[in-house]
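Notes to accompany the following structure.
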Amino acid sequence: MNGHLLSILLFLPLAGLIPLLLIPSDQKRSLKLCANAVMLAGFLLSLLLVFQFDAAAAGYQFTENAPWIPSIGASYNVGIDGISLLLVMLTTLIGFLATMSSWSAVEDRLKEYYALFLILQTGMLGVFISLDLFLFYVFWEVVLIPMYFIIGIWGGPRRLYAAIKFFVYTLAGSVLMLLGILTLYFQHAQEYNVYTFDLARLLNTHMAMGAEQFVFWTLFLGFAIKVPMFPFHTWLPDAHVEAPTAGSVVLAGVMLKMGAYGFVRFSLPLAPHAASEPWVVNTIATLSIVAILYGALVCLMQKDWKRLVAYSSVSHMGFVTLGIFALNYNGIAGGMLQQINHGISTGMLFLIVGVVYERRHSREISAYGGLAHVMPNLAVVFAIAMWSSAALPLLNGFIGEFTILAGAFAANKLWAVLASLGVILAAAYLLWLYQRTMLGEVTHEINRKLRDLSLREWAIFLPLIAWAVWIGVYPKPHFDVLDKPVRAIVERVTGGAR
Amino acid sequence: MITSTHYLVLGGLLALIGTLGVLTRRNVVVILMSIELILNAANLNLVAFARELNQIQGQVFAVFVIAIAVAEASVGLGILIALFRNKETVDAGEIDLLKW
Amino acid sequence: MLPALALASFGCVVLLLEFLLGKARAAAARQWILGLSLTGLAVTAWTLWAQQQALDGRRLTAFSGAISVDGFALFFNWIFLVASLVTILISYRYLEIEGEEHAEYYGLILLAQCGMYFLATGTDLVTIFVGLELMALSFYILVGFLRGERRSNEAALKYFLLGVFSSALMAYGFSLLFGVAGSTRLKDIGTAIQAGDLHDPILLMGLAVTTVALLFKISAVPFHMWAPDAYEGAPTPVTAFLSVGSKAASFALLLRFFLEPLGALRDAWQPLLVAVAVLSMTAGNLAAITQTNLKRLIAYSSISHAGYMLLGLVAGNETGLQGIAVYVLVYTFTNLGALLVVAALRSKGAGRGTEEDLNDISGLAQRNPAYAALMVVFLLSLAGLPPTAGFIGKYYIFLSLIQTGHTVLAVIATLYVAVAIFYYFRIVKRMYMGEAAERASLISSSLGVRVALGITTAATIVIGLYPEPFLRFAEISLLR
């Protein structure tokens, strides 16, 4: 079994589709139980990865390789290193929690709902473990389709617009990325006369600068739209706001990471020269800083709670891309950790909005006020999520953003100064949000009747809080697993490849 | 002396007249007749070339084209009659149910 | 030659069996006719299989070079077979609903397929022309088969006029080519073109007119006007057959023409094809956005598909040509599947008012979840998203463009995938997020529809997930 741990993990959600589809649609409880059980099994299974993972070993672990389409050189090639390990764990955990959070929030067309989440889960896991670019691309696209339906069917009032905008926007990026992949594939064949999509072999390709730049920029567009980087972020507020809670959690918690992961796994190693040209680095860093500041400023103006959280994602993912394109050890390691942090903290923030929305059916910040009196437990959870997102010491966000800033400082002092402005703004908009919704007197009588967190809801938040505190207090295990892969990437981009 | 060139020019003129007819006339029957003109231009070419090259293939081709032209005309008129039964017109401009 | 004989003889027999139906239209007689048509297809399949075995990678010519049975021709013939099989399977119930149960219908389908056989195998102008007309004449009648319905009449007339016009142009072009080469064999024409003066006005005129006629047949812009009308007005099973069978046959002809006699003139026609391909993708995709009739939408999308296939010819390398073969194969199954779902929407209760537009499919996911889900698969495949078959077709086309350095074309072609998703998902939106229409009724499928749906779905998914055997199969189709 251990030889195929990744495959089992990958296809478990798909296998879960079979019993799910066999349950009659009117047995809602069984449907929910089935989906939750599959997701929980996936999470527990992924814990095995953590115990068996060897942080000291270089390269990929748990690898599996089987021929798939030999005539074009595509194979079923999967494996994980430290970077993917963290993301796989994040995916299985967030996927499970998102499913669990839908228990009472979604009552309509349950079978389709959970089926789509299961497909989505396989797609996301596939993206993070593929070591073959063809396979990677297939999973990358597979993720889009269930998300379109989740937003479009169970979303808010403007769901149809948001769903198709999300789909077309990200698809345009990913088809261009396909061109980049094909160019690389062809360049490799020119050099070695072998057609292959195997990442390890494609890494040996030596391209002319023009071809490498084409590869870099097409991949960049695909990933940047997914992250999303400024100015490609316009799909994000719509999609996040209109999606149902679980959809927003998965979008923000996992799917945005696919872009940042793509930068680190593919863009940098495959096109190191194009990626490390000063003008390229400066452009991308500038875009990241604009995203940090712009996202934060827009947050300050939001009247809609969920929209605020959505824009805070733009800001926080700006830190991640800034760290990556600082192109040094601290920057990349910090970026990789920060995207886990963002998954945890933004996941929590969206879940909190979901909890409140489920009870009150409004996302207007002005509809709330003084909730701490009515829902003290929620107030505590929200405070932790907020501090984690605002980078308070002893919580995860601080570690990630501090490391990124250290990396950015080493690359360019101005970047670090501007980015730290973003940290201050983040504290401002989050604290202000907290003040307006939780503190003070209860402003609307109707809010007095709101129930506090149920046991199930506590169970959703607890693992996230635990992980947040773990990273905040003792981040070393995380940096340990990141160490080897990040070092290899930095060396490839700055040293060895030059 | 009438050379192949004369036939070719005549064929070209017939094809041109036929094409212009298809593009400008509105009566379906006249359009059909224009198409027949183009087919006859092709026949003329085929036979002329066959004579010049002393080749039987061209004449055989012409016979096929004539047979096909007849089949086309019968199918076309059949369709036109079916349409005429439902809507009494042969004017291509009034055939307007299908539009984008 | 045997497959054509089988098709022609079964076609004629079925055609003559109309009297069996008589006034009573006995169910037994109808089933006999259906059975006989299917037997005809089975015999054809068997003869094709025998030829495939006998061929073994070689190229057989017959009738002193008038037809050539090679891997290329057989590949396309298998596609025609699938197209008519699926069409016949879904037609039985459809004709029942329309009240037009005539044996001619099946006879004409078999005869049309016989014409396609000659289009794919023909290497002589006369054979090609006769085959083309056999196919086209059968289609004119099939498109207008619903005699009582004006949309069907109109579609048939429009298709007929433009079709005959393009055929006449083709005959004229052929006559000039014959004059230049002194022979009707494609091979001799190729030799004459290579040896001859490229500025010979007769040759240029002949090539130009023939090319226009070929572009008409594949419904490439700017010669596409007939397609939306014919697709919309025809009975839906005929639309399915027309959109895949006729298109595949015309592409077979176009490929043979451009690769064999015109191969030497590549530099001359390549820019022309680039323009036509880009125009087809642009006009097809953009016009499809505003359509509300499902068949019309698919018609415009099929125009854009013609553009994609032409791109493979623009690239012209081995990947590109194999890409066209894979694309045609994939497009056949997928487009058949999508139109099959549209055909199944037509039910007895709905009556003649049903126009197969977006309202009819609205809320389908609630009424017939399985059909809606399959439609999504077909639409994803048409758009070219993995893991469906359509992606494999697009993959080859894109790769061939990259290999031959047509980067700008590749970028245009890929971006139109996003446009295509936009209009294909208008359908999905209505199925999953629309309210059910008043008059919409449940799909009552027949065995034939279910079998046909099984074939198309299985192919769309299997080619998407495990394309290897199909890619090997497509390799034999390369003209060597």
*Failed item in (1) aromatic (Phe, Trp, Tyr); (2) more than 30 Å from A:LYS306 (Cβ to Cβ); (3) more than 10 Å from every other protein chain (Cβ to nearest Cβ); (4) in a loop (DSSP other than H, G, I, E, B), with A:TRP103 passing the rest*: (2)
*asked:* The conditions are (1) free of Cβ contacts under 8 Å to residues at least 60 places away in the same chain; (2) more than 14 Å from chain C (Cβ to nearest Cβ), and A:PHE230 fails exactly one of them. Which is it?
replied: (1)
_Suppose we filter segment C:169-189 for residues that are within 7 Å of chain B (Cβ to nearest Cβ) and farther than 13 Å from B:LEU46 by Cβ; how many remain?_
1
*Matching residues in segment C:396-415 - criterion: being surrounded by fewer than 24 Cβ atoms within 10 Å (Cβ to Cβ) and more than 8 Å from every other protein chain (Cβ to nearest Cβ)*: C:THR404, C:GLY405, C:HIS406, C:VAL408, C:LEU409, C:ILE412
*Can you find a residue in segment B:33-45 that is farther than 28 Å from C:PHE178 by Cα and either without any contact (Cβ under 8 Å) to a residue 12 or more places away in the chain or more than 9 Å from chain C (Cβ to nearest Cβ) (or both)?*
no
*Residues of segment A:445-498 classified as part of a loop (DSSP other than H, G, I, E, B) and surrounded by 14 or more Cβ atoms within 10 Å (Cβ to Cβ), total*: 5
*Where residues in segment A:116-175 are among the small types (Gly, Ala, Ser) and part of a helix (DSSP H, G or I), which of them is nearest to A:ALA74 (Cα to Cα)?*
A:GLY126
*Which members of segment A:176-209 meet the condition of being outside any helix (DSSP H, G or I) and of a type outside the set (Gly, Ala, Ser)?*
A:ASN193, A:VAL194, A:TYR195, A:THR196, A:PHE197, A:ASP198, A:LEU203, A:ASN204, A:THR205, A:HIS206, A:MET207
*Within the bounds of segment C:283-302, is there any residue that is more than 14 Å from the chain's Cα centre (by Cα) and either among the acidic types (Asp, Glu) or closer than 28 Å to C:GLY190 by Cβ (or both)?*
no
*For residues that are crowded, with 24+ Cβ neighbours inside 10 Å and more than 28 Å from C:LEU254 (Cα to Cα), tally how many sit in segment C:97-122.*
0
_Positions within segment A:126-150 being away from every other protein chain (no Cβ under 11 Å) and farther than 28 Å from A:TYR357 by Cβ, in sequence order_ = A:VAL127, A:PHE128, A:ILE129, A:SER130, A:LEU131, A:ASP132, A:LEU133
*Select, from A:GLY79, A:GLY3, the only residue that is in contact with a Ser or Thr (Cβ under 6 Å, 6 or more places away or on another chain) and farther than 30 Å from A:ARG109 by Cβ.*
A:GLY79
*Being assigned to a helix (DSSP H, G or I) and surrounded by fewer than 24 Cβ atoms within 10 Å (Cβ to Cβ) is the filter here, so list the residues in segment A:271-281 that pass it.*
A:PRO272, A:HIS273, A:ALA274, A:PRO278, A:TRP279, A:VAL280, A:VAL281
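At pLDDT 90 or above and within 22 Å of C:ALA66 (Cβ to Cβ): does that describe C:TYR117?
yes
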*If A:ALA275 satisfies every condition in (1) over 26 Å from A:VAL423 (Cα atoms); (2) modelled with pLDDT of 90 or more; (3) of a type in the set (Gly, Ala, Ser) but one, which is the exception?*
(2)
*Across segment A:30-82, which residue is farthest from the other protein chains (Cβ to nearest Cβ) among those that are under 26 Å from A:THR183 (Cα atoms) and hydrophobic (A, V, I, L, M, F, W, C)?*
A:ILE80
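If a residue must be surrounded by fewer than 23 Cβ atoms within 10 Å (Cβ to Cβ) and within 30 Å of C:GLY65 (Cβ to Cβ), how many such residues does segment B:63-80 contain? Break it down stepwise before answering.
Narrowing segment B:63-80 to residues surrounded by fewer than 23 Cβ atoms within 10 Å (Cβ to Cβ): B:63-64, B:66-71, B:73-75, B:77-78, B:80.
Retained after the next criterion (residues that are within 30 Å of C:GLY65 (Cβ to Cβ)): B:63-64, B:66-71.
Residues that pass the stated criteria total 8.
How about segment C:139-156: which of its residues are within 9 Å of chain B (Cβ to nearest Cβ) and not basic (Lys, Arg)? Please lay out each step first, then the result.
First pass over segment C:139-156, keeping only residues within 9 Å of chain B (Cβ to nearest Cβ): C:140-141, C:143-144, C:147-156.
Those that are within 9 Å of chain B (Cβ to nearest Cβ) and not basic (Lys, Arg): C:TYR140, C:ILE141, C:VAL143, C:GLY144, C:GLY148, C:GLU149, C:SER152, C:ASN153, C:GLU154, C:ALA155, C:ALA156.
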*Is segment A:365-387 home to any residue that is surrounded by 24 or more Cβ atoms within 10 Å (Cβ to Cβ), in the same structural domain as A:LEU453 (by TED's automatic domain parsing) and either of a type outside the set (A, V, I, L, M) or at positive phi (or both)?*
yes
*Would you call C:ALA168 of a type outside the set (Ser, Thr, Tyr) and touching a residue at least 60 places away in the same chain (Cβ under 8 Å)?*
no
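Okay, residues lined up against (1) away from chain B (no Cβ under 14 Å); (2) assigned to a helix (DSSP H, G or I); (3) out of contact with any Ser or Thr (no Cβ under 7 Å at 6 or more places or on another chain); (4) hydrophobic (A, V, I, L, M, F, W, C):
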| site | (1), (2), (3), (4) |
| --- | --- |
| C:ALA268 | yes, yes, yes, yes |
| C:PRO271 | yes, yes, yes, no |
| C:VAL278 | yes, yes, yes, yes |
| C:THR282 | yes, yes, yes, no |
| C:ALA288 | no, yes, no, yes |
| C:GLN291 | no, no, yes, no |
| C:ARG296 | no, yes, yes, no |
| C:TYR300 | no, yes, yes, no |
*State the number of residues belonging to segment A:450-498 that are more than 22 Å from the chain's Cα centre (by Cα) and closer than 18 Å to A:HIS342 by Cβ.*
0
*Within segment A:42-54, can one find any residue that is touching a strand residue (DSSP E or B) at 6+ places or on another chain (Cβ under 7 Å), outside any helix (DSSP H, G or I) and either acidic (Asp, Glu) or surrounded by fewer than 21 Cβ atoms within 10 Å (Cβ to Cβ) (or both)?*
yes
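Within segment A:282-309, can you find the residues that are touching a strand residue (DSSP E or B) at 6+ places or on another chain (Cβ under 9 Å) and assigned to a helix (DSSP H, G or I)? Quick ask: steps written out before the conclusion?
Kept after step one, since they are touching a strand residue (DSSP E or B) at 6+ places or on another chain (Cβ under 9 Å), are these residues of segment A:282-309: A:303-305.
Of everything in segment A:282-309, just one residue is touching a strand residue (DSSP E or B) at 6+ places or on another chain (Cβ under 9 Å) and assigned to a helix (DSSP H, G or I), namely A:TRP305.
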*Evaluate the following for B:VAL9: is it more than 10 Å from every other protein chain (Cβ to nearest Cβ), closer than 25 Å to C:ARG185 by Cα, in a helix (DSSP H, G or I) and without any contact (Cβ under 8 Å) to a residue 60 or more places away in the chain?*
yes
*Residues that are among the small types (Gly, Ala, Ser), surrounded by 24 or more Cβ atoms within 10 Å (Cβ to Cβ) and in a strand (DSSP E or B), drawn from segment A:74-94*: A:ALA74
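Does C:ALA28 meet the test of being loosely packed, with under 13 Cβ neighbours inside 10 Å, closer than 13 Å to C:TYR117 by Cβ and of a type in the set (A, V, I, L, M)?
On the way: loosely packed, with under 13 Cβ neighbours inside 10 Å: yes; closer than 13 Å to C:TYR117 by Cβ: no; of a type in the set (A, V, I, L, M): yes.
Spelling it out, it is not the case that C:ALA28 is loosely packed, with under 13 Cβ neighbours inside 10 Å, closer than 13 Å to C:TYR117 by Cβ and of a type in the set (A, V, I, L, M).
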*Of the residues in segment A:190-210, how many are in contact with a Ser or Thr (Cβ under 8 Å, 6 or more places away or on another chain) and either facing another protein chain (nearest Cβ under 10 Å) or crowded, with 24+ Cβ neighbours inside 10 Å (or both)?*
1
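The values are calculated or read from the model by the stated rules, or taken from the named source; none is laboratory data. In this text the structure is predicted, and so the values were computed from the model without any measurement. Glycine gets a Cβ as well: all are built from the backbone with ideal geometry, and neighbour counts include every protein chain shown.
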